[in-house]
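Where a number appears in this text, it was derived from the coordinates with a stated rule and is not lab data. As the structure is a prediction and not an experimental result, all values here were calculated from the model. Counting neighbours? That spans all protein chains shown, and the Cβs are built from the backbone with ideal geometry, glycine included.
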Amino acid sequence: MNLLEAMEERHAVRDYTDEPLTADQIAALKTAIGEANAAHGLNIQLIHDVPDAFGGCPTHYGRFRNVRNLIALIGRDEADGTADLDERAGHAGELLALTAVTLGLDTSWVVLHETDAHDGKWTLGEGERMPAAIALGHGTRPGRPHRSKPADELAAVEQGTYADSPAWFRHGIEAAMLAPSALGKQPFRFTLLADGHTVKAEALEGVQAEIGLGIAKLHFELAAADADFVWA
Ligand SMILES: Cc1cc2nc3c(=O)[nH]c(=O)nc-3n(C[C@H](O)[C@H](O)[C@H](O)COP(=O)(O)O)c2cc1C
């Protein structure tokens with residue numbers, strides 16, 4: 001399974017069996033995490049095979065059961081505010097979630113509260129925070145597809161119509177339609193500018209919208225990889 005197929009296969013799963021991750025899965029995830037940390041200046045950590053990977057932290061919402069493995073998306077806000085930590089965590093985290101799916105694992109994004117106050121096995125360095133995390137493992141049952149916003153709500157074009165826009169833009173939007181977001185609200189929009197190759201990606205008003213923007217941009221980039229588009 002490649003990453004584009006993993007986008008179709010990925011659905012939030014919140015209830016897991018006791019089956020541990022294999023040594024190969026752990027090694028592959030650690031390699032991908034090392035690459036993500038280097039690329040985005042993050043301190044992402046894998047917690048695996050513990051009885052409660054949330055470490056007693058409350059979740060923002062949702063009922064999870066038997067989460068034994070977690071990708072803790074940790075980093076530092078840039079002093080100059082240029083590269084938003086939430087957006088970087090979204091982008092890096094979704095690549096890791098899709099990688100986990102290619103390894104045969106189920107996943108769910110989750111926002112944990114009080115991450116410095118409970119018994120989590122992650123380490124928060126000076127000035128670091130954890131905007132979100134990804135639960136992973138073997139689901140007790142398969143996830144189901146969820147409704148996404150239609151393409152014409154997620155996309156805008158400055159010139160012409162969406163239907164007549166380049167194939168790479170429409171492929172990017174179709175991939176963004178599969179992007180997970182808090183409460184499934186997908187608060188983001190992609191606009192193809194009049195020059196025909198610059199795309200403006202914006203977070204709209206909504207819960208954890210900047211994380212969702214990073215996730216959606218990753219989906220768009222994977223699907224439009226062959227086009228020579230640039231982000232505005
Ligand atoms: C940034 C972010 C935060 C999320 N936080 C939670 C959460 O706290 N609790 C939860 O149960 N699900 C959480 N989710 C999972 C979403 O509810 C889920 O991705 C969405 O409903 C779409 O379903 P799908 O992932 O199956 O496509 C979160 C997802 C994202 C992207």
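Do you know which residues across region 136-148 are more than 9 Å from the ligand (Cβ to nearest atom) and either of a type in the set (Phe, Trp, Tyr) or out of contact with any helix residue (DSSP H, G or I) (no Cβ under 7 Å at 6 or more places or on another chain) (or both)?
137, 138, 139, 140, 141, 142
Does residue 216 fit the bill of being within 10 Å of the ligand (Cβ to nearest atom), part of a strand (DSSP E or B) and either under 21 Å from residue 42 (Cα atoms) or free of Cβ contacts under 8 Å to residues at least 60 places away in the same chain (or both)?
In short, no.
For residues that are farther than 13 Å from residue 120 by Cα and touching a strand residue (DSSP E or B) at 6+ places or on another chain (Cβ under 6 Å), scanning just region 34-58, find the one that is surrounded by the fewest Cβ atoms within 10 Å (Cβ to Cβ).
For region 34-58, the residue satisfying everything is 43.
Check whether at least one residue in region 25-41 is within 17 Å of the chain's Cα centre (by Cα), within 16 Å of the ligand (Cβ to nearest atom) and in a loop (DSSP other than H, G, I, E, B), and report yes or no.
Scanning region 25-41, I find no residue that is within 17 Å of the chain's Cα centre (by Cα), within 16 Å of the ligand (Cβ to nearest atom) and in a loop (DSSP other than H, G, I, E, B), so the answer is no.
When you check residue 91 against the structure, is it of a type outside the set (Gly, Ala, Ser) and over 18 Å from residue 118 (Cα atoms), yes or no?
Spelling it out, residue 91 is indeed of a type outside the set (Gly, Ala, Ser) and over 18 Å from residue 118 (Cα atoms).
For the subset of region 6-24 comprising residues that are part of a helix (DSSP H, G or I) and more than 30 Å from residue 174 (Cβ to Cβ), which member is nearest to the ligand (Cβ to nearest atom)?
Across region 6-24, the extreme among qualifying residues is 24.
Are any residues in region 55-83 more than 13 Å from the ligand (Cβ to nearest atom) and outside any strand (DSSP E or B), and if so, which ones?
Matches in region 55-83: 55, 56, 66, 68, 77, 78, 79, 80, 81, 82, 83.
Checking residue 130 against (1) over 22 Å from residue 37 (Cα atoms); (2) surrounded by 18 or more Cβ atoms within 10 Å (Cβ to Cβ); (3) free of Cβ contacts under 8 Å to residues at least 60 places away in the same chain, which test does it fail?
Status for residue 130: all satisfied but (1).
Among the residues of region 166-194, count how many are over 20 Å from residue 204 (Cβ atoms) and touching a residue at least 24 places away in the same chain (Cβ under 8 Å).
Of the residues in region 166-194, 4 are over 20 Å from residue 204 (Cβ atoms) and touching a residue at least 24 places away in the same chain (Cβ under 8 Å).
Would you check which residues across region 150-168 are within 20 Å of the chain's Cα centre (by Cα) and either surrounded by 18 or more Cβ atoms within 10 Å (Cβ to Cβ) or at positive phi (or both) and list them?
Result: 154, 155.
Only residues that are within 15 Å of the ligand (Cβ to nearest atom) and either of a type in the set (Phe, Trp, Tyr) or farther than 19 Å from residue 12 by Cβ (or both): list them for region 45-54, please.
Of region 45-54, the ones within 15 Å of the ligand (Cβ to nearest atom) are 53-54.
The one that is within 15 Å of the ligand (Cβ to nearest atom) and either of a type in the set (Phe, Trp, Tyr) or farther than 19 Å from residue 12 by Cβ (or both): 54.
Can you tell which of 194, 201 is hydrophobic (A, V, I, L, M, F, W, C), part of a loop (DSSP other than H, G, I, E, B) and more than 13 Å from the ligand (Cβ to nearest atom)?
194
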